[in-house]
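I'd like to ask you about the structure that follows.
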Amino acid sequence: MNIRNQNINNMNYYAHETAIIDEGAVIGNGTKIWHFCHVMGNSEIEENCSLGQNVFVANNVKIGKNVKIQNNVSLYTGVVCEDDVFLGPSMVFTNITNPRSAVVRKGQYEKTLVKKGATIGANATIVCGHNVGEYAFIGAGTVVTKDVPDYALMVGAPAKQLGWMSRYGHRLNFDENREAICPESGEKYILVNGKVEFKG
């Protein structure tokens, strides 16, 4: 399978022979890095992550545990992904609001935080400087131009909220008591002052 076992900073992970991993990168146990990826130094990838083909991880990017990054995704300086994030194929991050080829704006990178459990669908774009809330669900092709609440379902360009999603990725239907139950897990949620709270 052309996979090699690596040991870097005393952590074991797997990388395909075509992957480039720069000195200084910190990669957690059980992480898998596939064909033609490039992980720059001073980046941090925690345990049990998966980087699909042609993924780029820039300096100072931080990736939490159990993050799944599908093919053709670039994570630029300023991007932080918490645990259990899913990044769909060819989704896009930016890190400068007003880029110009002739104007150097290094050092002006804006932060993008993708919180725990969030899903970003294929070909979606996250404009820099915004937070994607915990367990939010960004539909395929969506363009996010503002902060996304926890559990929010966002679609369109620019993104509009269509509703709420459970931790298992199901649409939540709230009753007259503003309560909803995930059809897969049976977990309960409540809507309070326009925000979803997980009740277990």
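The values are calculated or read from the model by the stated rules, or taken from the named source; none is laboratory data. Because the structure is a prediction, the values reported are computed rather than measured. Here the Cβ positions follow ideal geometry from the backbone for every residue, glycine too, while neighbour counts run over all protein chains shown.
Counting just the residues of region 80-109 that are touching a residue at least 12 places away in the same chain (Cβ under 8 Å) and exposed (fewer than 15 other Cβ atoms within 10 Å of the Cβ), which one comes out farthest from THR125 (Cα to Cα)? Quick ask: steps written out before the conclusion?
At the first step, the residues of region 80-109 found to be touching a residue at least 12 places away in the same chain (Cβ under 8 Å) are 80-97, 108-109.
From what's left, exposed (fewer than 15 other Cβ atoms within 10 Å of the Cβ): 97, 108.
Values: THR97: 13, GLN108: 20 Å.
Per the criteria, the residue is GLN108.
Hey, among ARG100, ARG105, ARG171, which residue is of a type outside the set (A, V, I, L, M), more than 18 Å from the chain's Cα centre (by Cα) and outside the structural domain of VAL61 (by TED's automatic domain parsing)? Walk me through how you get there before you give the answer.
Working: ARG100 fails: outside the structural domain of VAL61 (by TED's automatic domain parsing); ARG105 fails: outside the structural domain of VAL61 (by TED's automatic domain parsing).
Within the list ARG100, ARG105, ARG171, the selection yields ARG171.
Also: Across region 153-178, which residue is surrounded by the most Cβ atoms within 10 Å (Cβ to Cβ) among those that are free of Cβ contacts under 8 Å to residues at least 24 places away in the same chain and under 16 Å from VAL114 (Cα atoms)?
Among residues in region 153-178 that are free of Cβ contacts under 8 Å to residues at least 24 places away in the same chain and under 16 Å from VAL114 (Cα atoms), the one surrounded by the most Cβ atoms within 10 Å (Cβ to Cβ) is MET154.
Return only the number of the condition from (1) outside any strand (DSSP E or B); (2) buried (at least 18 other Cβ atoms within 10 Å of the Cβ) that GLN53 does not satisfy.
Result: GLN53 fails condition (2) only.
Here is a check on your reading of the model: is ASN66 touching an Asp or Glu at 6+ places or on another chain (Cβ under 8 Å) and farther than 22 Å from ASN123 by Cβ? Outline the logic, then answer.
Working: touching an Asp or Glu at 6+ places or on another chain (Cβ under 8 Å): yes; farther than 22 Å from ASN123 by Cβ: yes.
So ASN66 passes the test.
Checking ARG105 against (1) over 25 Å from VAL192 (Cα atoms); (2) in contact with a strand residue (DSSP E or B) (Cβ under 7 Å, 6 or more places away or on another chain); (3) not aliphatic (A, V, I, L, M), which test does it fail?
Failed condition: (2).
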